[in-house]
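The structure appears right after this line, and notes come after that.
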Amino acid sequence: MKAYRKFDKVKALVFTSLAHFTNDGNFLLFSLLVVYFYNFNGVSLVFLGALATIYNVIYGILSLPLGKMADRRDSDSLLLLIGLGLEGSAAALFGLAFLLRWASEAFIVLGIIALGAGQAFYHPIGASILSFSFDKKKLGAALGINGSMGSIGRALAPSLITFLVLYLGTSIGLETFSVYTWVLALVVYFGLRDFHRTYKKTERKKLNAAYKMPKALLKKLCLVSAPVFFRSAFLIGTVTFAAEYLYHVTASAELTGIILSISFILPIIGQPIFGYLTSIIGGKQIVSVTTVVSLFAFAAFLMTDNTIVMTVAYSAVTFLLFNGFSVFLDYSYQLVPPRYYSTSYSFVWGIGNTLGGAAGLALITYLLTFNGITIAMYYMIVPLAVSIILLPLLPKDTKL
């Protein structure tokens with residue numbers, strides 16, 4: 001394998017941030033379209049709910065093999081192009097579901113497969129590019145800035161999609177959004193086309209040898225992924241139904257929207273803050289503190305109907321827990337040698353974070369079949385408590 005110089009830090013941060021902005025902008029695409037599929041196409045909510053879980057499972061399962069492929073091939077810009085391109089294709093397929101309504105469900109299924117597969121690419125690959133471009137002490141801050149761009153994309157894209165659908169129609173609006181995504185994918189590809197992973201000679205020799213993850217490293221990643229799994233189950237499960245809970249308590253759609261809008265501003269600044277702290281203090285400490293404190297914040301959120309207290313408490317929850325990209329991935333960097341960067345990222349992010357989220361979504365959906373929204377939200381404290389119990393198992397921040 002040829003030796004390459006370190007890639008320009010500014011270019012790495014700019015174009016991976018654009019990729020993160022694009023990727024997370026598509027994250028809520030299906031959730032936003034559920035109301036349209038249900039009300040205008042007459043698609044069953046049970047069917048749509050099952051697809052939402054399948055989407056997360058596809059995302060999580062594909063993350064690990066894609067991470068291994070990225071570590072082996074050194075073709076990160078091409079892989080990002082494929083991933084973002086699949087997300088653009090998902091929007092196009094969803095658009096066809098409105099145009100050809102006789103085959104609506106088939107196009108929705110194809111769109112879910114494309115979206116779930118596309119989402120599996122960015123996080124392990126984007127984090128790897130930054131890991132090879134930044135020094136250890138600056139990586140956390142870079143991941144944090146990058147993560148903030150993902151949060152901004154997640155916040156702005158639903159408004160863009162809604163605007164396109166309202167003014168161009170559901171089908172043409174979604175096809176337009178797909179072209180927009182493809183254009184951004186090409187910009188990212190050409191911006192990162194010259195990036196190559198810079199391995200030391202010993203790393204290159206090991207990389208060219210048979211690829212097999214050491215058992216000691218696999219054990220470390222499992223120990224990290226276990227508390228991450230349950231933490232994510234709590235987070236995704238409760239966030240999915242946070243609007244329904246707030247409306248149940250406040251009886252006001254306006255207050256529900258205001259509380260959620262304020263609460264999701266803080267993760268934008270929380271990503272770089274916690275990313276920096278992870279680099280300085282260590283991943284084990286940051287994961288532990290944010291997880292424990294979030295339990296008390298969420299309990300305060302549930303135990304009051306005061307609007308101000310609820311807003312402050314839920315803002316604390318989102319601030320503490322919506323930092324996975326900068327914290328989990330920098331923590332993974334602290335545990336593994338460079339030849340396993342993408343594999344470790346995809347293991348912790350895909351198996352731990354994403355499949356954990358799918359499990360949480362399935363759990364709260366099951367709970368809601370027997371309980372009201374308030375009781376179900378209280379029950380969701382259990383996976384967070386399990387995550388806290390598992391925190392002492394987290395390995396120290398040292399590489400093999």
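Figures for the structure shown
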item: Ellipticity estimate at 222 nm from DSSP helix runs (n ≥ 4, -39,500 (n - 2.57)) divided over the chain, nearest 500; result: -27000 deg cm²/dmol
item: Viscosity 1.002 mPa s, temperature 20 °C, Stokes-Einstein D of the stretch 293-370 from Kirkwood C-alpha radius, µm²/s; result: 146 µm²/s
item: Percent RCO, i.e. relative contact order, over the stretch 262-400, from Cα pairs under 8 Å lying at least 6 residues apart; result: 33 percent
item: For the stretch 217-259 versus the stretch 78-98, the gap between their alpha-carbon centres in whole angstrom; result: 26 Å
item: Contact order normalised by residue count of the chain, Cα under 8 Å, 6+ apart, percent; result: 27 percent
item: The chain, accessible surface, carbon-and-sulfur percent (1.4 angstrom probe); result: 71 percent
item: When the convex hull of its Cα atoms is projected in every direction, mean area for the chain (nm²); result: 18.4 nm²
item: Expected-Rg normalisation [2.2 N^0.38 Å, Cα atoms] applied to the stretch 218-276; result: 1.51
item: Residue-by-residue Karplus 3J(HN,Hα) for the stretch 256-269, coefficients 6.51, -1.76, 1.60, Hz, glycine and proline x; result: 4, x, 5, 4, 5, 4, 5, 5, 8, 7, 4, x, 5, 8
item: Calculated on alpha-carbon atoms, Rg and Dmax of the stretch 270-337 in Å; result: 13.6, 49
item: Greater than 20 Å apart at Cα, pairs in 220/396; 137/284; 138/215; 68/220; result: 138/215
item: Pairwise centroid distance, computed over Cα atoms, of the stretch 1-72 with the stretch 292-350, Å; result: 19 Å
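The values are calculated or read from the model by the stated rules, or taken from the named source; none is laboratory data. A quick note: this is a predicted structure, and the numbers were derived from the prediction, not measured. These accessible areas exclude ligands, DNA and RNA; they are computed on the full protein's heavy atoms, side chains included. Shrake-Rupley method; radii C 1.70, N 1.55, O 1.52, S 1.80 Å.
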